[in-house]
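Have a look at the structure below, then the notes.
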Amino acid sequence: MPTSIRLAPEIEERLDFLATKTGRSKAYYLRELIERGLEDVEDYYLAAEVLERIRSGEEDVVGAEDFWRGLDA
């Protein structure tokens, strides 16, 4: 899927430099960054949503003792 993004000039310069030095395309490195970083971004934002639900009382929290109770049986 073709996608376009705007990069700050200093980021584009770094990407150009890396691509030139390694012989790989800028698209290769952008794909790498997205693939490696997407999981971290998902973790962060999904955790923030759960935290907000906990704070607002919409989500229950289980204490450690209750969590572990019965698991050793």
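The values are calculated or read from the model by the stated rules, or taken from the named source; none is laboratory data. Quantities reported herein were computed from a predicted structural model and do not represent experimental measurements. Cβ atoms come from the backbone with ideal geometry, glycine included; neighbour counts cover every protein chain shown. Surface areas here come from the heavy atoms of the whole protein model, side chains and all, with no ligands, DNA or RNA. Shrake-Rupley method; radii C 1.70, N 1.55, O 1.52, S 1.80 Å.
Determine if the stretch 53-70 includes at least one residue that is in contact with a helix residue (DSSP H, G or I) (Cβ under 9 Å, 6 or more places away or on another chain), of a type outside the set (D, E), free of Cβ contacts under 8 Å to residues at least 12 places away in the same chain and open to solvent by 100 Å² or more (accessible area, probe 1.4 Å).
Step one: list which residues in the stretch 53-70 are in contact with a helix residue (DSSP H, G or I) (Cβ under 9 Å, 6 or more places away or on another chain), which gives 58-61.
Checking which are of a type outside the set (D, E) leaves us with 61.
Then keep just the ones that are free of Cβ contacts under 8 Å to residues at least 12 places away in the same chain; that gives 61.
Remaining after also requiring open to solvent by 100 Å² or more (accessible area, probe 1.4 Å): 61.
Yes; the residues of the stretch 53-70 include at least one that is in contact with a helix residue (DSSP H, G or I) (Cβ under 9 Å, 6 or more places away or on another chain), of a type outside the set (D, E), free of Cβ contacts under 8 Å to residues at least 12 places away in the same chain and open to solvent by 100 Å² or more (accessible area, probe 1.4 Å).
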Residues within the stretch 23-73 that are small (G, A, S) and either touching a Pro at 6+ places or on another chain (Cβ under 8 Å) or more than 30 Å from R6 (Cβ to Cβ) (or both), tallied: 6
Any hit, the stretch 9-31, residues being at pLDDT 95 or above, open to solvent by 100 Å² or more (accessible area, probe 1.4 Å) and in contact with a helix residue (DSSP H, G or I) (Cβ under 9 Å, 6 or more places away or on another chain): yes
Per-region count, the stretch 29-69, residues over 30 Å from R14 (Cα atoms) and among the aliphatic types (A, V, I, L, M): 9
